[in-house]
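Here is the structure we will look at, set down as structure tokens.
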Amino acid sequence: MKKKTDRYFYPAVFSYDPDQEISVVFPDLDCATSGENEDDAFLSARELLGCVLCGLEEDGEEIPSPTPLCNINVETNERVVLIDVYMPSVRERNNNRSVNRTVTLPAWLNAAALEHNLNFSQVLQEALMQKLQTN
């Protein structure tokens, strides 16, 4: 079995048009996304890159080679940005199996949570996803 790559780097073309979101196109992968600002566009691009490459891996399809940055021609309102994605975390995110974690809480916090019938696992998952800014 072929070893999976841990990190991929692909060029993305960011297009800037007045009063529109920044569009992001991956020329090598024939996919696109957008963002309200550069940070949002970058994060959307990274998430899309991970999803597309994970899908190609799972389907056993060939992963195309990225075009060198110097070989990508852009218009005056466009910029080439190198986007990377760390695949072990993408692959794990697609793996919904549960793992056990032991946490330590102050006794008063534990008592208050139990009094309110809080689901500790759910609260921890929501807090971690919010902290990591994932969906």
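Here ARG101 does not qualify as in contact (Cβ under 8 Å) with a residue 60 or more places away in the chain, under 22 Å from GLN133 (Cβ atoms) and out of contact with any strand residue (DSSP E or B) (no Cβ under 8 Å at 6 or more places or on another chain). Selection of region 26-54 for residues being out of contact with any Asp or Glu (no Cβ under 6 Å at 6 or more places or on another chain) and among the polar types (S, T, N, Q) yields THR33, ASN37, SER44. Looking at region 66-87, is at least one residue in a loop (DSSP other than H, G, I, E, B), more than 15 Å from TYR10 (Cα to Cα) and within 21 Å of the chain's Cα centre (by Cα)? No, that holds for no residue. Picking from residues in region 15-37 that are surrounded by 14 or more Cβ atoms within 10 Å (Cβ to Cβ) and among the charged types (D, E, K, R), the one that is nearest to LEU69 (Cα to Cα) is ASP28. Pairs, please: C-beta under 7 Å, at least 6 apart or cross-chain, first residue touching a residue at least 24 places away in the same chain (Cβ under 8 Å) and in region 52-78, second of a type in the set (Asp, Glu)? Correct list of pairs: PRO64/ASP28; PRO66/ASP28; THR67/ASP28; ASN77/ASP17. Among the residues of this structure, ARG79 does not count as one that is among the basic types (Lys, Arg), closer than 20 Å to LEU132 by Cβ and surrounded by fewer than 17 Cβ atoms within 10 Å (Cβ to Cβ). When ARG101, ARG91, ARG97 are screened for being modelled with pLDDT under 90 and not in a loop (DSSP other than H, G, I, E, B), only ARG91 passes.
The values are calculated or read from the model by the stated rules, or taken from the named source; none is laboratory data. No experiment lies behind these values; they were computed from the predicted model shown. Counting neighbours? That spans all protein chains shown, and the Cβs are built from the backbone with ideal geometry, glycine included.
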